[in-house]
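Presented below is the structure to which this report refers.
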Amino acid sequence: MRASPDPRPPGSAPGNADLSELLARAADEQEEGSQRQRAMRRASRAALGWDVPAADVVAAGLPLTTLARVGPWLAQFIGDWVAAGTTAPPAPPLRSGFMARADALRIVAGGQGWSSAVRCDLQMHTLSSDGHASLEAMARRCLELGYSHMAVTDHSEGLRIAHGMDATTRAAQATEVRDLNALLAAEGHPFRVLHGLEMNVDPEGGGDTDPDVLAGLDIVLGAFHSKLRLPEDQTDRYIRALHNPTVDVLAHPRGRMYDRRLGLTARWDEVFEAAAELGVALEVDAYPDRQDLDVELLRLAARHEVWVAVDTDAHHPVDLDAMPLGIAALIVAGIPRERVINTLAHDALVEWVAARRARARARAR
Ligand SMILES: [Zn+2]
């Protein structure tokens, strides 16, 4: 299924993000804990992931029950909102700044080759930590998506909750990456798997993995996974993490989660200025519940000539399909393509990492 290539004039019908919010609000008015409330909440969440605008389904004369999580009862509500042109009031902070998939697909379809310019996905997880598929299954899906390379970035040892890899598992994965690259080459695929890591970064900006080990990896993502609900300004924490010489990419920078966690705040101008100066890439994590950085912060980042990475943070091959959410955010925010490390060819990306690390070493001297 594809998104409609011609956007409707604004205001003519609610988009899927509107419908999601209208459903979330309607759910709040149902009896607490009731079946109907649960159904509305599920549909609210599902609406953000529909490939096609519900209004297009109506316009095509198709039943709304063809959309995920929509039964006849909810189809009535949605049909009425579409017919009346009802749009949603602004979403509360926990739900705001999230793009609907149908909108992302439409933006990417109009995005002048952006989609094919993105050659790789640089954050994903496998059975070696908390992923649900093998490295090979992830790589095969990346091949189908037309990528020329990818990075596997399972969690580091410090993140117990996500089954972070110990030294033995990491070494086994290095062998797995080598063998898979050999297998794919033997099959005639010019496709490369980079061996990376999502390293847990503590609130002081320190990593949990031996720098010598990190130096042997193709790419290192640094990410916060603790103290993500602090309301105080976290600028210093970001600056410290960006100065960590082993971090190539700062992953899901804010740590927000749809409808659950707002994520951290900072004086973002200072953070982006430091990232630009230090040459560390900031990630757009396209996982639907993350979308982190979001469009609003990316607009600000665009003014600082930062490097950006766009990744899905996939834990299963189907999650790799979230990439359009990240690409659409880059397009809307006006991030230039040449600042996105995923548009680099494999060898150029390897060089980018080597150059960044050499600069970090020079600074440390
Ligand atoms: Zn993470």
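The values are calculated or read from the model by the stated rules, or taken from the named source; none is laboratory data. Only a predicted model underlies this, so the values are computations on that prediction, with no experimental measurement involved. In this analysis, Cβ positions are derived from the backbone assuming ideal geometry, glycine residues included, and neighbour counts consider all displayed protein chains. All accessible areas refer to the heavy atoms of the entire protein, side chains included, with ligands and DNA or RNA removed. Shrake-Rupley method; radii C 1.70, N 1.55, O 1.52, S 1.80 Å.
What's the total number of residues in region 190-208 that are open to solvent by less than 60 Å² (accessible area, probe 1.4 Å), away from the ligand (no atom under 14 Å from the Cβ) and over 16 Å from H125 (Cα atoms)?
4
Any idea which of (1) open to solvent by less than 10 Å² (accessible area, probe 1.4 Å); (2) closer than 20 Å to F98 by Cβ is the one T265 doesn't satisfy?
The one condition T265 does not meet is (1).
Is there any pair with a first residue in region 346-365 that is assigned by TED's automatic domain parsing to the domain that holds V247 and a second that is modelled with pLDDT of 95 or more and open to solvent by 100 Å² or more (accessible area, probe 1.4 Å) whose Cβ atoms are under 7 Å apart and which are 6 or more apart or on different chains, and what are they?
H346/R192
Mind listing whichever residues of region 297-313 are among the aliphatic types (A, V, I, L, M) and open to solvent by 30 Å² or more (accessible area, probe 1.4 Å)?
L300, A302, listed by residue number.
Kindly provide the set of residues from region 119-173 that are under 26 Å from V340 (Cα atoms), away from the ligand (no atom under 16 Å from the Cβ), over 17 Å from the mean Cα position of the chain (by Cα) and part of a loop (DSSP other than H, G, I, E, B), ordered by number.
G146, S148, listed by residue number.
Looking at L105 and the list (1) part of a loop (DSSP other than H, G, I, E, B); (2) in contact with a Lys or Arg (Cβ under 8 Å, 6 or more places away or on another chain), which single condition is not satisfied?
Result: L105 passes all but (1).
Take the residues in region 219-243 that are crowded, with 22+ Cβ neighbours inside 10 Å and not in a helix (DSSP H, G or I), then tell me which one is nearest to the ligand (Cβ to nearest atom).
The extreme case among them is A223.
A quick yes/no check of all residues on (1) modelled with pLDDT under 95; (2) of a type in the set (A, V, I, L, M, F, W, C); (3) surrounded by 18 or more Cβ atoms within 10 Å (Cβ to Cβ):
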{"residue": "L94", "(1), (2), (3)": "no, yes, no"}
{"residue": "A100", "(1), (2), (3)": "no, yes, yes"}
{"residue": "V108", "(1), (2), (3)": "no, yes, yes"}
{"residue": "G113", "(1), (2), (3)": "yes, no, no"}
{"residue": "E136", "(1), (2), (3)": "no, no, no"}
{"residue": "A139", "(1), (2), (3)": "no, yes, yes"}
{"residue": "H155", "(1), (2), (3)": "yes, no, yes"}
{"residue": "A162", "(1), (2), (3)": "yes, yes, yes"}
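Please go through (1) surrounded by fewer than 22 Cβ atoms within 10 Å (Cβ to Cβ); (2) closer than 21 Å to E144 by Cβ for P324 and return the number of the only condition it doesn't satisfy.
(1)
Of all residues in region 244-263, which are within 16 Å of the ligand (Cβ to nearest atom), among the hydrophobic types (A, V, I, L, M, F, W, C), under 30 Å from A17 (Cβ atoms) and assigned to a loop (DSSP other than H, G, I, E, B)?
Across region 244-263, the qualifying residue is only A251.
Given the criteria within 16 Å of the ligand (Cβ to nearest atom), assigned by TED's automatic domain parsing to the domain that holds A355 and among the small types (G, A, S), does A266 qualify?
Against the criterion (within 16 Å of the ligand (Cβ to nearest atom), assigned by TED's automatic domain parsing to the domain that holds A355 and among the small types (G, A, S)), A266 does not qualify.
For E198, all conditions in the list (1) assigned to a helix (DSSP H, G or I); (2) touching a His at 6+ places or on another chain (Cβ under 7 Å); (3) acidic (D, E) hold save one; what is the number of the exception?
(1)
Between A75, A91, A117, which is aliphatic (A, V, I, L, M) and assigned by TED's automatic domain parsing to the domain that holds Y147?
Of the residues listed, the single one that is aliphatic (A, V, I, L, M) and assigned by TED's automatic domain parsing to the domain that holds Y147 is A117.
Considering only residues that are in contact with a strand residue (DSSP E or B) (Cβ under 8 Å, 6 or more places away or on another chain) and either farther than 25 Å from D121 by Cβ or modelled with pLDDT of 95 or more (or both), which ones fall in region 227-243?
R229, Y238, A241, L242, listed by residue number.
Just checking, how many residues over region 209-218 are in a loop (DSSP other than H, G, I, E, B) and buried (at least 19 other Cβ atoms within 10 Å of the Cβ)?
Count: 3.
Examine region 299-316 for a residue that is within 29 Å of D210 (Cβ to Cβ), of a type in the set (F, W, Y) and not assigned by TED's automatic domain parsing to the domain that holds G97, and state whether such a residue exists.
Checked region 299-316: at least one residue is within 29 Å of D210 (Cβ to Cβ), of a type in the set (F, W, Y) and not assigned by TED's automatic domain parsing to the domain that holds G97.
From E283, E277, E273, which residue is on the phi < 0 side of the Ramachandran plot, open to solvent by less than 50 Å² (accessible area, probe 1.4 Å) and among the acidic types (D, E)?
Exactly one of E283, E277, E273 is on the phi < 0 side of the Ramachandran plot, open to solvent by less than 50 Å² (accessible area, probe 1.4 Å) and among the acidic types (D, E), namely E283.
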